[in-house]
Amino acid sequence: MTARGFTQLVGAILLAIGIGGLLWPLAPDAGKGDGVTCNNALVLKLEDAETQDSRNKIVRTMSRFAAGRTDLVEQCESAAQIRRLVFWPIAGAGAITLAGAVLIRPRASAATS
């Protein structure tokens, strides 16, 4: 394997890891496994988390001893921010490495006679 082929392979792997990490589903620790999801780090959908937060607030006001979590939206946003901070640079490094290996051609050596 040439150095160029190896660089292409490394760039493709880094790009795949970065995109995969950004598209991996986000699910905050809801405690009871109530199925709250936030979609992924690229597109946050907070409707489920907001609904669950509202339910937990209602249960908490009706009962003094109910232990409901009311910070699922914040957990979704925090988890997405961490994923973005980690996986965007990995995807960027992979894209730059892959583009450099594909687009930059080696210099043609002058033929001597």
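The numbers here are math on the coordinates, done by the rules we state, and not lab data. Computed from a predicted model, the values in this text were never measured in an experiment.
Annotation: extensible slack from Phe6 through Arg55 equals 12.3 nm (criterion: 0.36 nm per residue apart, minus Cα-Cα distance). Under 5 Å from the amide H of Asn39 lie the amide H atoms of Leu26, Lys45, each residue being 5 or more positions distant or on a separate chain, with H modelled from the backbone and absent for Pro and chain starts. Remark: the Trp24-Arg84 segment gains 20.5 nm on full extension, using 0.36 nm per residue and subtracting the alpha carbon distance.
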